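Just so it is clear, none of the values below were taken in a lab; they were calculated from the coordinates. Bear in mind that the values here come from a model prediction, so they are computed numbers and not experimental data. Glycine also receives a Cβ, built like all others from the backbone with ideal geometry; neighbour counts cover every protein chain displayed.
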Amino acid sequence: MGLGLGLGLGWSQLALAAGAADALRAFVQDAKAGRAGFTQTVHAPNGNRTKVSSGRFEFSRPNRFRFEYQKPYAQTIVSDGEKVWFHDPDLNQVTVRKLGDALGSTPAAILAGQSIERDFDLKDQPDQDGLSWVLATPKSKDGTIQSLRVGFKGRSLSAIEIADSFGQRSVLQFADLQILPSLPAATFHFAVPAGADVSGP
């Protein structure tokens, strides 16, 4: 899994020398934009795997991101920095939410946000499955996410594990992560498809 040529030297040195919590802080501070493939696996409270999906994501700080789910069903989630757009192409439905309501203490806050210390308490965890882990516990108790575990392999962000208040556990695994200086603003523009049913502010 490569990080691309846009990785700043300061972050690479810190991530190699320090724990996962410091690597995460540096990732949020120094990784201004990037893209990767992802696989998301959802486990039920009893531990059984219930759903596997995959796609691509892109981000640009602050607060802009695009998740393109490709399998097993297409879905797009786009933040333009002010609003988040959820598009289900099969139903041609679009749901719009204000960024603050949708971002909160979510994986997107880590991937595209810029205030991780404000939103999470961070604690290094023991290495597991070949990764260095940091536990990110939301300071706000209003959301459904109870905790996030963020895994690094060397200096590369590799996985995010999400535990929610319903007892579900979701694991996002990243592939071919590229850290870039920037991405075009048009990447994070969402055009509502013709005839779509739109709900939200």
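Overview of values
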{"read-out": "Rounded FRET efficiency, nearest 0.05, which uses the C-beta distance separating ALA196 from ASP121 and R0 of 30 Å", "value": "0.15"}
{"read-out": "Structure-derived semi-axes √(5λ) of the Cα gyration tensor in Å - corresponding label in [x] 23, 19, 16; [y] 34, 19, 15; [z] 26, 20, 16", "value": "[z]"}
{"read-out": "Degrees, to the nearest 10: 20-30 long Cα axis against longest axis of the chain", "value": "60"}
{"read-out": "Positive-pole candidate from ILE145, TRP133, GLN178, dipole of the range 123-201, charges at beta carbon", "value": "TRP133"}
{"read-out": "Max mean-square fluctuation residue, GNM over the chain, Cα-Cα springs under 10 Å, options PHE190, PHE27, PHE65", "value": "PHE190"}
{"read-out": "Fewest-first ranking of HIS43, HIS189, HIS87, using other Cβ atoms within 10 Å as the exposure measure", "value": "HIS189, HIS43, HIS87"}
{"read-out": "Förster-model FRET efficiency, 22 Å R0, THR39 and GLN128, C-beta, rounded to 0.05", "value": "0.75"}
{"read-out": "Exposure proxy order (Cβ contacts within 10 Å, fewest to most) of LYS71, LYS83", "value": "LYS71, LYS83"}
{"read-out": "The chain: most fluctuating residue of ALA185, ALA20, ALA109 per GNM, C-alpha cutoff 10 Å", "value": "ALA185"}
{"read-out": "Residue of LEU148, LEU122, LEU183 that the Gaussian network model of the chain assigns the largest fluctuation, springs spanning Cα pairs under 10 Å", "value": "LEU183"}
{"read-out": "Within the chain: Cβ-based charge dipole about Cα centre, in debye rounded to nearest 20 (Lys, Arg +1; Asp, Glu -1)", "value": "100"}
